[in-house]
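Worksheet: one structure, shown below.
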Amino acid sequence: MTEKKYEIFDLEAEIMSVWNTKDDLESITYRLMDDPDGPLTEDEIANVLIGLTELHDIRCKKLFNVFESMIKEIRFTKMEKVSPDLDI
């Protein structure tokens, strides 16, 4: 399988994806504290946290893979300017 050639925007998208974990935690907090259906059981809380941990790990691995691929391609030293305002 050939490696995909990533662009700076792919890296930015993966960085933003990792930030989604914060939104996920806010949703979990809502469910724990404010949901009219009542609190989760201890098993449900554990399952939600285990799932979020795995999802966060996947997001971080994907981000690192994009970053590592771009480093191997030397994308950071040979990038064309994406905007006149950016000094890249």
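Some notes on this structure:
- Hull volume in cubic angstrom per residue (convex hull over the Cα atoms of the stretch 1-65): 94
- Between Tyr30 and Val48, the distance separating the two model label sites (each 7 Å from Cα on the Cα→Cβ line) works out to 1.1 nm.
- Residue-wise HN-Hα coupling along the stretch 24-41, computed from phi with Karplus coefficients 6.51, -1.76, 1.60 (Hz; x: Gly, Pro): 4, 5, 5, 5, 5, 4, 4, 4, 6, 9, 10, 5, x, 6, x, x, 7, 6
- In a fully extended conformation the segment linking Asp23 and Glu68 would gain 13.6 nm over its present Cα-Cα distance, using 0.36 nm per residue.
- The simple spin-label model puts a point 7 Å past each Cα toward its Cβ; for Lys61 and Met16 those points are separated by 2.4 nm.
- Spin-label model distance (nm) - Thr41 vs Lys4, 7 Å beyond Cα toward Cβ: 3.9
- The HN-Hα couplings worked out from phi for the stretch 50-58 by the Karplus form 6.51 cos²θ - 1.76 cosθ + 1.60 (θ = phi - 60°) are 4, x, 5, 4, 5, 4, 5, 4, 4 Hz, whole numbers, x standing for Gly and Pro.
- With θ taken as phi - 60° and the Karplus curve 6.51 cos²θ - 1.76 cosθ + 1.60 applied, the whole-hertz 3J(HN,Hα) list for the stretch 12-21 is 4, 4, 5, 4, 5, 4, 4, 5, 4, 4 Hz, x standing for glycine and proline.
Taken together, the values in this text are just the output of simple stated rules run on the coordinates, not laboratory data. Everything quoted here is computed from the prediction, not taken from an experiment. Because the Cβ atoms are built from the backbone with ideal geometry, glycine has one as well, and the counts that use them run over all protein chains shown.
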